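Q: Could you have a look at this structure, given as structure tokens, before my questions?
The values are calculated or read from the model by the stated rules, or taken from the named source; none is laboratory data. For clarity, every value in this text was computed on a predicted model and none was experimentally measured. All Cβ positions, even for glycine, are placed from backbone atoms using ideal geometry, and neighbour counts span all protein chains on display. Heads up: the accessible areas ignore ligands, DNA and RNA and are worked out on the full protein's heavy atoms, side chains in. Shrake-Rupley method; radii C 1.70, N 1.55, O 1.52, S 1.80 Å.
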Amino acid sequence: MGLIKEINCPLDHDETADLTYFFDIIDQFLSLLAEKSSDTTQNTLTLIARSAESSIAKALYDHKEQIKAQDIHLKVIFTQLTSGQELSNWLLLDQSPCTKPEQSIRWAKQSNLCDAHEQLTLDKICSWSGESMRRDVNARFGFYMFDKSCKTSAIRAQRSFKALWNLSQNIPQAHFKRASFTHKPEFLNLEKGTANLTSKASEILAPEYTRH
């Protein structure tokens, strides 16, 4: 069993400080991969996250260059899709950490799938798990476990990801088209108020704030 962390932060907590923990997790994942003896098998990193706005997803995106440099095959499942810039970054081919976003990212549309926990797994090497995906993405407290060197935990996490992947569906093409459109320079220069866009109006799934 690796690092177990309980975060219980005040209302004025700095988001950057909160992300430091997640950046450290990704750094450790990549360090463990670098120490791994080389073989012909492609390394696979899998992520289950509430949305592209989740801290673990943001931290992983921040390491996209390292992920590509180490030739890691990344597969992702989100339970909530919004039209924000964070999701667009994942869907755009030239911006995404995934080499083939349309094939590597899925949507866990069924509401009961939100009972699953956020999870990051690297082959049979290590795994990290977080809170239920029903948690509010902006919550400033949580309970996380990092199994740094537990092969059994990593294998179980892999199986969980595979089961959820099979129950999830491809990201609707409308989101890819929206991401390409909103990334155009002329659109980025528009005032959000003029365009009459709100994050609430664009949410596909309404946030749920229940704990389990």
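Q: Non-local amide H neighbours of Ser168 (under 5 Å, H modeled in plane, Pro and chain starts lacking H): which ones?
A: none
Q: Now a separate question. Can you tell me the accessible area per residue over segment 42-171, all protein chains present, probe 1.4 angstrom, in square angstrom?
A: Details: 5370 Å² over 130 residues.
Here the residues of segment 42-171 average 41 Å² of exposed surface.
Q: Could you check the spin-label model distance between Thr99 and Ala34? Points 7 Å from the Cα along Cα→Cβ, value in nm.
A: Spacing of the two 7 Å Cα→Cβ label points: 2.1 nm.
Q: Another question, then. Is there a pair in Lys36/Lys100; Lys109/Lys151; Lys68/Lys124 whose C-alpha atoms are over 22 Å apart, and which pairs would that be?
A: Lys36/Lys100; Lys109/Lys151
Q: Here's another thing I want to ask about it. Could you list which residues have their amide H under 5 Å from that of Asn43, counting only those 5 or more apart in sequence or on another chain, with H placed in the peptide plane?
A: The list, which skips near neighbours in sequence, is His73.
Q: Explain nothing, just compute: Karplus ³J(HN,Hα) = 6.51 cos²θ - 1.76 cosθ + 1.60, θ = phi - 60°, for every residue of segment 46-58 in order, whole Hz, x for Gly and Pro.
A: 10, 10, 10, 9, 4, 6, 5, 8, 5, 4, 5, 5, 4
Q: Report the local net charge at Glu102: Lys and Arg +1, Asp and Glu -1, summed over other residues whose C-beta lies under 15 Å from its C-beta.
A: +4
Q: Which far-off residues, 5 or more places away or on another chain, put their amide H under 5 Å from the one on Glu131, with H placed in the peptide plane?
A: Hits under the 5 Å cutoff: Glu118, Phe143.
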